[in-house]
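Visitor: Structure in structure tokens, see below.
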Amino acid sequence: MKKTLLTLLVALTSLCATAQSEKNYTEQYVVTENGTAMEPQTANVTVVDNGNGTINFILRDFVLHAVGQEIPVGDVALNDVPASVGDDELTHFSKESTFAIPATSLPAEFQAYAFLLSSIPYALQGKCSDTKLYATIDININALSEQLFVEVGTDLFPPKNGRIYTEPLVLTINGDSTAPQDANVVVIENTDGTITFELKNFFLSNGGESIPVGNIRVENIPVTTGEDGLSHFAFNGIIQLQPGDMDGVDFWTGPALGDIPLVLQGKMNDDKLFVTIDIDMMDTIRQICYVQLGTDDFPVVIKGDVNGDGKVNVADAQRILILMADSAPYSAVADINGNGSIEIADAQGILIIMADQGQ
């Protein structure tokens, strides 16, 4: 049994070494046709690193908006796009050129437009990390008098050693709750094992009006890992609110409120965050505020189930090796030996778990 597992590990290591250098992203994208924005859609994008300072940018299952209709054209590949790593440690890329939509990829009812789509000018600009992508594509179809602007993702990247969560926020003021609205939270992992928590651009309601308060920022919050595999954190103290950074808002009331008593509790994994915040403002604006971010419905985590299929098997060891090759961020599920990093010993740990289970 041990010999078989060792053979599997060697094979997986070889597979990792020869894996293609590409990343897949799922983001929302919006197409603006001649100044009119369409409804957001889900975009799947593949970025292939060619290893020579260029990338291939492949927009999967693209739907072209032209002549007042939606034309499904399939994958659009913008190849050999110059790319480099910026000071922000993101990969930046841009290119102006043309691409063609082959007649064979057009549905029969749109074949009449094939010759007009054989050379389409575009201007691509974007940036990406290992987990997030933002890009804009200007497309000019002169023959059809169509000006298209495609925006993929949002230009909101987590800071170094940090993550951005987008979760529904429900605000309860003096017992009355608002409808859920999406809120952005930045969580930065500090070198001393604590985190910095920041709820961006927080608003309060008072008498039917929306009051821009600012950013709720709490630094150096201790973090522990629970038996559920989640990171738990809590804070009870006094803070001062910071100005927000939302476009169109010139004045934030929060900094004028002085010291604010705040009780914060939360938990998180790499993908999801749940936090409750109690804010006592009775001495200033006569309000008791309760903020709930996200929902407390985290999936059950199985140690070693790296691909999330509910089982621990050789596919999970393979996934660990791929994460190593991609220099993926730390994952508690993949960190089998619990030393805070993803390494070959964790792939070996998967095989040990399999042996213990009699696989």
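Values in this text are rule-based calculations from the coordinates and carry no lab data. All values reported here derive from a predicted model rather than from experimental measurement. All Cβ positions, even for glycine, are placed from backbone atoms using ideal geometry, and neighbour counts span all protein chains on display.
Visitor: Arrange the peptides 133-142, 189-198 so that the one whose residues have, on average, the most other Cβ atoms within 10 Å appears first. Intermediate values should be presented prior to the final figure.
Guide: Numbers: 133-142: 18.8, 189-198: 15.5.
Per-residue mean Cβ counts within 10 Å order the peptides as 133-142, 189-198.
Visitor: Over region 171-321, what relative contact order in percent results from Cα pairs under 8 Å that are six or more residues apart?
Guide: Numbers: 290 pairs, mean separation 24.8, N = 151.
Result for region 171-321 is 16 percent.
Visitor: Which pairs break 19 Å Cα to Cα here: LYS132/LYS303; LYS272/LYS303; LYS160/LYS200?
Guide: Numbers: LYS132/LYS303 25 Å; LYS272/LYS303 17 Å; LYS160/LYS200 17 Å.
The answer is LYS132/LYS303.
Visitor: Rounded to the nearest angstrom and ordered from largest down, what semi-axes does the equivalent ellipsoid of region 21-152 get from its C-alpha gyration tensor (root of 5λ)?
Guide: Numbers: eigenvalues 133, 47, 36 Å².
Calculated on Cα positions only, the semi-axes equal 26, 15, 13 Å.
Visitor: In nm, what is the difference between 0.36 nm times the number of residues separating ASP49 and ASN142 and their Cα-Cα distance? Before the final figure, lay out the partial values.
Guide: Details: separation 93, 0.36 × 93 = 33.48 nm, distance 3.13 nm.
That pair, ASP49 and ASN142, stretches by 30.4 nm at full extension.
Visitor: Just to be sure I understand: if I project the alpha-carbon convex hull of region 95-137 onto a plane and average over all orientations, what area do I get in nm²?
Guide: Numbers: hull surface 16.5 nm².
Result: a mean projected hull area of 4.1 nm².
Visitor: While we're here: Write out the GluC sites (Glu not before Pro) in region 32-138 meeting two conditions: DSSP loop, and at most 13 other Cβ atoms within 10 Å of their Cβ.
Guide: Within region 32-138, the qualifying GluC sites (Glu not before Pro) (loop, at most 13 other Cβ atoms within 10 Å) are GLU89.
Visitor: Would you mind getting me the FRET efficiency between VAL249 and ILE352? Use the beta-carbon distance for r and R0 = 45 Å, nearest 0.05.
Guide: Numbers: r = 54 Å, r/R0 = 1.21.
Efficiency for this residue pair is about 0.25.
Visitor: Another question about this same structure. Kindly state, to the nearest 0.05, the FRET efficiency for PHE115 paired with ASP155, given R0 = 35 Å and r defined as their beta-carbon distance. The partial results should precede the final answer.
Guide: Details: r = 36 Å, r/R0 = 1.03.
About 0.45, to the nearest 0.05.
Visitor: Another question, then. Consider the candidate values [x] 20.4, 70; [y] 24.5, 72; [z] 20.8, 65; state which one is Rg and Dmax of the Cα atoms in Å computed from the structure displayed.
Guide: Checked against the structure: label [y].
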